[in-house]
1. Can you pull out the residues in the stretch A:1-51 that are hydroxyl-bearing (Ser, Thr, Tyr) and assigned to a strand (DSSP E or B)?
2. Need a quick list: strands (runs of 3 or more DSSP E) entirely within the stretch A:54-103 having at least 3 residues that are surrounded by 13 or more Cβ atoms within 10 Å (Cβ to Cβ).
3. Condition first: touching a strand residue (DSSP E or B) at 6+ places or on another chain (Cβ under 6 Å), of a type in the set (Lys, Arg) and surrounded by fewer than 17 Cβ atoms within 10 Å (Cβ to Cβ). Can you find one or more residues in the stretch A:43-51 that meet it?
4. Show the residue pairs that are 6+ apart or on different chains and have beta-carbon atoms under 6 Å apart, the first residue being within the stretch B:52-81 and β-branched (Val, Ile, Thr), the second being surrounded by 13 or more Cβ atoms within 10 Å (Cβ to Cβ) and assigned to a strand (DSSP E or B).
5. Out of the residues in the stretch B:50-68 that are under 11 Å from the mean Cα position of the chain (by Cα) and under 20 Å from B:Ser5 (Cβ atoms), which is nearest to the other protein chains (Cβ to nearest Cβ)?
6. What is the number of the single condition among (1) more than 8 Å from chain A (Cβ to nearest Cβ); (2) under 15 Å from B:Gly3 (Cα atoms) that B:Arg31 does not meet?
7. When the residues of the stretch B:76-93 are filtered to those that are in a strand (DSSP E or B) and within 17 Å of B:Gln37 (Cβ to Cβ), which remaining residue is nearest to the other protein chains (Cβ to nearest Cβ)?
8. Output the residues belonging to the stretch B:15-71 that are acidic (Asp, Glu) and surrounded by 13 or more Cβ atoms within 10 Å (Cβ to Cβ).
Amino acid sequence: RKEVEQDPGPFNVPEGATVAFNCTYSNSASQSFFWYRQDCRKEPKLLMSVYSSGNEDGRFTAQLNRASQYISLLIRDSKLSDSATYLCVVSTDSWGKLQFGAGTQVVVTP
Amino acid sequence: DTGVSQDPRHKITKRGQNVTFRCDPISEHNRLYWYRQTLGQGPEFLTYFQNEAQLEKSRLLSNRFSAERPKGSFSTLEIQRTEQGDSAMYLCASSLVTDYGYTFGSGTRLTVV
């Protein structure tokens, strides 16, 4: 079983709509949680950290459910530029080693 | 230079040849990581340096792979006797000790033919 599992998608989303997706992680000792964004053939870039109380960054909202070991990302008012692969990332170490999911592809259509 | 630099961007090599990649992290970052990413997968951890010390290596890093960070600045990743299964994007990232903010380089895409 992979440490971080994601629905690969693609999630096809009309421009302006809301899309949400989850990932699950297997290690209950995971300490830190992130969403990264990766455009085709580019490097991953940090989108946002995920805190236990949930957090927002503009149109993006992340939630963490430690009891069920899942993390969610919601994108409101989707833009064409939101089309990308979203990587769910967790860390169980104090020195920063990250475990990446395989990514969820989001395609925003006009 | 405010980002992580990797060189070369692309490398095509014949099976059995050795290849070496270079990573220049953000200058004040003392943590440096190497990851490998294949098509349709997320990045997989290979190894980690804090300053010049290599503190962790993944089981993915077979004895054909070696990484160095001789002066705690740039790092090199060498693959000896390349195999077709080594074809992947090799990503370098750096961060500060007290900061989880990874910055990735643009990667080196290796194709073994």
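All of the numbers you see were taken from the coordinates with simple rules; none came from a lab. Keep in mind that what you see is a predicted model, and the values were worked out from it rather than measured. Using ideal geometry, Cβ is built from the backbone for each residue, glycine included, and neighbour counts are taken over all protein chains shown.
1. Applying the first criterion (hydroxyl-bearing (Ser, Thr, Tyr)) to the stretch A:1-51 yields A:18, A:24-26, A:28, A:30, A:32, A:36, A:49, A:51.
Listed by number, the residues that qualify are A:Thr24, A:Tyr25, A:Ser32, A:Tyr36, A:Ser49.
2. Counting at least 3 such residues, we get A:60-65, A:70-75, A:84-91.
3. In the first step, residues of the stretch A:43-51 are kept if they are touching a strand residue (DSSP E or B) at 6+ places or on another chain (Cβ under 6 Å); the result is A:43-50.
In the following step, the residues that additionally are of a type in the set (Lys, Arg) were identified as A:45.
Add one more test, that the residue is surrounded by fewer than 17 Cβ atoms within 10 Å (Cβ to Cβ), and what stays is A:45.
Scanning the stretch A:43-51, I find at least one residue that is touching a strand residue (DSSP E or B) at 6+ places or on another chain (Cβ under 6 Å), of a type in the set (Lys, Arg) and surrounded by fewer than 17 Cβ atoms within 10 Å (Cβ to Cβ), so the answer is yes.
4. Between residues of the stretch B:52-81 that are β-branched (Val, Ile, Thr) and residues that are surrounded by 13 or more Cβ atoms within 10 Å (Cβ to Cβ) and assigned to a strand (DSSP E or B), the close pairs are B:Thr76/B:Thr20; B:Thr76/B:Arg22; B:Thr76/B:Glu68; B:Ile79/B:Val19; B:Ile79/B:Phe65.
5. B:Ala67
6. (1)
7. Looking at residues that are in a strand (DSSP E or B) and within 17 Å of B:Gln37 (Cβ to Cβ), I get B:Leu91.
8. B:Asp24, B:Glu44, B:Glu52, B:Glu56, B:Glu68
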